[in-house]
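Below is one structure, written out as structure tokens, with a few remarks after it.
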Amino acid sequence: MIRYFLNDNYRLGMLTAKKCPMRILGWYHSHPHITVWPSHVDVQTQAMYQIMDPGFVGLIFSCFNDDTASTSGQIQLTCFQSQVNISGEYNRVEVPVEIVPNEAISDACLEALEQLPDILGQEEEEVFQKTLSNLRRKNNLLTTVHNGAVFTKSLCHVIEVMCGPLMQTLENRLERNERKTEDLLREKEELERRLEAIRNA
């Protein structure tokens, strides 16, 4: 198992711009519909990880927090470590996070985006198969057909909200990249003409 993670870190590192192995020192999870701040269990879990390596950090994403007034979603992120106070209890220590914007999507990010619809589809199928096996024992045909329709609807929903927008985003990026390539080629030709004119002068 450790070898898998090391190999995976090496492979993901090769997909980044720097082409060097990554050392991932952290864990993350989400807090859907609740505050981003770590619970006492999160802080204790983080402390256990820091025993293995003092540089270990925890990330928590708070998601699906919709603002009803503006109908916009909000995602929050916190990065933290644990520290023991004088009474022996663990406290959260916030670690600064810097999100660096990037013009290009790395191969690692593209790979993760590509896998996301499959993962969501597999989750839906696992739930469906579990209910299906329970219903087979009860021999309930009508409920089985209904659950099959719900499963199909769930897959269509994944396609609608994940695959469609993802494809549109990637197609838009492709068009933008093609326009940028054309602009750069024109600029290159212009620079070559100027260079040739300087040489001939």
Expected sort for MET162, MET167 with the fewest Cβ neighbours (10 Å cutoff) up front is MET167, MET162
Once the other residues with Cβ under 12 Å from the Cβ of VAL158 are scored (Lys, Arg +1; Asp, Glu -1), what is the net sum? -4
Have a look at the DSSP beta bridges in segment 27-94 and tell me what percent are antiparallel, nearest 5. 70
So the angle from the long Cα axis of helix 141-158 to the longest Cα principal axis of the chain, reported in degrees to the nearest 10, equals 30
Excluding same-chain pairs closer than 8 in sequence, count the lysine pairs in the chain whose Cα atoms lie under 23 Å apart. 4
Relative contact order of segment 59-201, defined on C-alpha pairs under 8 angstrom at six or more residues apart (%): 11
Calculated P(r) of the chain - Cα pairs past 31 Å, %: 48
If you line up the long axis of helix 2-14 against the longest principal axis of the chain, both from Cα atoms, how many degrees apart are they, to the nearest 10? 30
Cα-centred dipole magnitude for segment 22-160, charges only on beta-carbon of K, R (+1) and D, E (-1), debye, nearest 20: 780
Can you sort PHE61, PHE151 from fewest to most other Cβ atoms within 10 Å of each residue's own Cβ? PHE61, PHE151
Packing rank of 77-84, 91-98, where each peptide gets the mean count of other beta carbons within 10 Å, highest leading: 77-84, 91-98
Rank-order 172-183, 190-201 by packing density, defined as the average count of other C-beta atoms within 10 Å over each peptide's residues, highest first. 172-183, 190-201
What angle do you read, to the nearest 10 degrees and between 0 and 90, between the alpha-carbon axis of helix 164-200 and the longest principal axis of the chain? 20
Where only alpha carbons of segment 27-94 are counted, the Rg and the Dmax (Å): 13.9, 45
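A short reminder: the numbers here are calculations on the coordinates, not readings from a lab. The structure presented is a predicted model; accordingly, all values stated were derived computationally and were not measured. FYI the Cβ positions are ideal-geometry reconstructions off the backbone, even for glycines, and counts take in every protein chain you see.
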